[in-house]
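Undergrad: The structure is given below, and queries will be raised subsequently.
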Amino acid sequence: MSVLLAPSILSADFGRMAEAVQALDEADCDWIHLDVMDGSFVPPITFGAQMAASLRGLTQKPFDCHLMVDHPETQVRPFVEAGANRITVHVEACKHLHRVLQSIRAEGIAAGVAINPATPVEMVRDALPLVDLVLVMTVNPGWGGQPFLHECLTKVREVRAMAPSAYIEVDGGIDDTTAAAAVASGANVLVAGSFTFRGNPKERLATLRSAACERFES
Ligand code: DX5
Ligand code: ZN
């Protein structure tokens, strides 16, 4: 199973966001991960659909929108209009998860569901037919640069057993030392924020790509 890289612009310089997206456009990566935070579901506020719309013209790469917001149903249409290619919502933020996922699919884009480190995989089992991606958080959402929670890999293995052909995305603390373990556990989409922008994104992503392909010895 090939591994996709989805660098997050959360760790870019927000004053030079266009340059950051252009750098990712030229780098070896597959999707661009947009971390949307509302100051309620998670403490920080990042940006909304207007930012996505402004960046949309800079790259053809798919926008992988991770909504860390309460009431994500209110953001589906704005993000679709902004050019989102996929929208992932948190199970913990959805009172009516199926309805939100159906509304994303009805817009003709891909839907995903995310689980926090404290959320058991059982919470998303019934929603699997409605998604093509499960995002297993490997840190508690809210900030970049936090240490990888190795214990979350048990859930990656559980989701992989439940959904053999799904995208399983891991997000939080992914770097050249954790990527191989995540892939060995069944992840096939790696989000990386601080690792990508702690240097030249092109070089950093090339390093991450090789690390993701390395055999993991447990
Ligand atoms: C965290 C966000 C992540 C964040 C990861 O709440 O969902 O996408 O960008 O950052 P790193 O890769 O620095 O852990
Ligand atoms: Zn994210």
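The values are calculated or read from the model by the stated rules, or taken from the named source; none is laboratory data. Given the structure is predicted, the values throughout are model-derived calculations rather than measurements. All Cβ positions, glycine included, derive from the backbone under ideal geometry; neighbour counts span all protein chains shown. Each accessible area value is taken on the protein alone, full model and side chains, heavy atoms only, with ligands, DNA and RNA left out. Shrake-Rupley method; radii C 1.70, N 1.55, O 1.52, S 1.80 Å.
Undergrad: Considering all projection directions equally, how large on average is the shadow of the alpha-carbon convex hull of the range 166-218, in square nanometres?
TA: About 3.4 nm², averaged over all directions.
Undergrad: Follow-up. Could you check what % of the DSSP bridge pairs in the chain are antiparallel, to the nearest 5?
TA: Rounded to the nearest five, the antiparallel share is 5 percent.
Undergrad: Give me Rg over Rh for the range 79-218, both radii from the alpha carbons and Rh done the Kirkwood way, two decimal places. Let's see the in-between values first.
TA: Working: Rg = 15.1 Å, Rh = 15.5 Å.
Result for the range 79-218 is an Rg/Rh of 0.97.
Undergrad: For A114, enumerate residues with amide H under 5 Å from its amide H, sequence gap 5+ or separate chain, H modeled in the peptide plane.
TA: Distant-sequence amide H within range of A114: V89, H90, V91, L135.
Undergrad: For the range 101-118, what does the Karplus curve 6.51 cos²θ - 1.76 cosθ + 1.60, with θ = phi - 60°, yield as ³J(HN,Hα) per residue in whole Hz, taken in order and with x for Gly and Pro?
TA: 5, 4, 5, 5, 5, 5, 7, x, 10, 7, 10, x, 10, 10, 10, 6, x, 8
Undergrad: Given the protein chains as shown and a 1.4 Å probe, how many square angstrom of M123 are accessible, to the nearest 10?
TA: Only protein atoms counted, so the area is about 110 Å².
Undergrad: Applying 1/(1 + (r/R0)^6) with R0 = 30 Å to the Cβ-Cβ distance of Q50 and A106, what FRET efficiency is obtained, to the nearest 0.05?
TA: Plugging the Cβ-Cβ distance into 1/(1 + (r/R0)^6) gives 0.85.
Undergrad: Which whole-Hz couplings ³J(HN,Hα) result when phi for each residue of the range 84-92 is put into the Karplus expression 6.51 cos²θ - 1.76 cosθ + 1.60, θ = phi - 60°, listed in order with x for Gly and Pro?
TA: So the J values, rounded to whole Hz, are 5, 9, 8, 10, 10, 10, 7, 4, 5.
Undergrad: Please list 3J(HN,Hα) in residue order for the range 173-189, calculated via the Karplus relation 6.51 cos²θ - 1.76 cosθ + 1.60 where θ = phi - 60°; whole Hz, with x for glycine and proline.
TA: Coupling constants for the range 173-189: x, 7, 8, 6, 9, 10, 4, 5, 5, 5, 5, 4, 7, x, 6, 10, 9 Hz.
Undergrad: With runs of 4+ DSSP H residues as the only contributors, calculate the mean residue ellipticity of the chain at 222 nm using -39,500 (n - 2.57) per run, divided by the residue total and rounded to the nearest 500.
TA: So the helix-based figure for the chain works out to -9000 deg cm²/dmol.
Undergrad: Report the one residue of I174, M37, V131 whose Cα lies farthest in the direction of the positive end of the charge dipole of the chain (charges on C-beta: Lys and Arg +1, Asp and Glu -1; origin at the Cα centre).
TA: Result: V131, furthest along the dipole toward the positive end.
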